[in-house]
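Taken together, the values in this text are just the output of simple stated rules run on the coordinates, not laboratory data. As the structure is a prediction and not an experimental result, all values here were calculated from the model. Neighbour counts run over all protein chains shown; Cβ positions are idealised from the backbone, glycine included.
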Amino acid sequence: MTDQPDDLPPDGPALDGLLLDLAVDLARRAGDHVRALREAGVRVAATKSSPTDVVTAADQASEHLIVSGLLAARPDDGVLGEEGGERPGGSGIRWLVDPIDGTVNYLYGLPQYAVSIAAERDGQAVVGVVYNPASGEMFTARRGQGARWHRPGGDPDGVPIRCSALTRLDRALVATGFGYAPERRAAQAEVVRHLLPEVRDIRRFGSAALDLCFAAMGRFDAYFEQGAQAWDLGAGGLVATEAGMVVSGLRGRPAGPDLAVAAPPALHGPLCARLAELDADNTG
Ligand code: IPD
Ligand code: CA
């Protein structure tokens, strides 16, 4: 709680609390709606970058529910949604919305998909929520306040999470993902061909947001991916950072579509060095 008079707008930390409550509510509502739609069958509404890059009617319904809820509560905020594009705002807050991260898993009935919502204040992620309606797990983070794991039937406030303390790349369980374009995949396969014999193993679960959250609680040691977008990385990236991971790109760049790497501090340098040797940020 802050000591502000009621007539002042909330300051940074108090505002972040309100943003997180809003994001949690909308992620849960959208996720539960999407899960209910899945039980009635999946309808592919469109394809995007390739014939295998699908948008389902549930992606569209989820984004509509989230964006209309955000704008009803905070009409001056900006929103960048995966399916709806950019809507500029004037408040200094921008929302990053992935209505279903792991759409191919959703299409096939695999329980590894999530609703991902982050808020940036002045360009910096300040809150993030990743909700998997199939498992009921939710991951939340507030900048400077740590990351939390909320499991069904558990403490509604969740429990704090920390990333692994691993230091050796050759013992690391590393998650990654692939883009949809065949040319990019061929280059990504080359990176994996070299890295696979040098680590404990590699996992490709199909949701970047959940990959980052799993890494944040030690279910993976590290994650990297080329081609992940702001809506894939926003919430999960904050969860990972707040759980103690270093999240970046290569060669001093921030995490972004060129490359996102998340690793515990001692593993981050060696993993980035190897990925730079393999030109993992240059896969097309
Ligand atoms: C995809 C997933 C996948 C990653 C792809 C993303 P979508 O998001 O996060 O794990 O490898 O790069 O595009 O298409 O399911 O929202
Ligand atoms: Ca998506």
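Pairs of Cα atoms nearer than 8 Å and 6+ residues apart set the relative contact order; for the chain it is 15 percent. Explain nothing, just the number: relative contact order of segment 163-204, from Cα pairs under 8 Å at least 6 residues apart, as a whole percent. So the answer I get is 58 percent. A compact globular protein would have a Cα radius of gyration near 2.2 N^0.38 Å; the ratio found for segment 1-131 is 1.13. The alpha carbons of the chain give a radius of gyration and a Dmax of 18.3, 60 Å, in that order. Checking every one of the trypsin sites (Lys or Arg not before Pro) in segment 94-187 against DSSP loop status and a limit of 13 other Cβ atoms within 10 Å picks out ARG168. Look at THR176, THR167, THR103 and count the other Cβ atoms within 10 Å of each Cβ; fewest to most, that gives THR167, THR176, THR103.
Evaluated at 10 °C with a viscosity of 1.306 mPa s, what Stokes-Einstein diffusion coefficient in µm²/s does segment 173-215 have when Rh comes from the Kirkwood expression over alpha-carbon pairs? Roughly 144 µm²/s, to the nearest whole number. Residue ranges 213-226, 124-137 sort as 213-226, 124-137 when ordered by packing (mean number of other C-beta atoms within 10 Å per residue, highest first).
Normalised by the number of residues in segment 26-149, the average gap of Cα pairs under 8 Å and 6 or more apart makes the relative contact order 19 percent.
Here the Karplus curve 6.51 cos²θ - 1.76 cosθ + 1.60, taken at θ = phi - 60°, turns the phi angles of segment 228-245 into couplings of 6, 9, 4, 6, 6, 9, x, 6, x, x, 5, 4, 5, 4, 5, 8, x, 7 Hz, with x standing for Gly and Pro.
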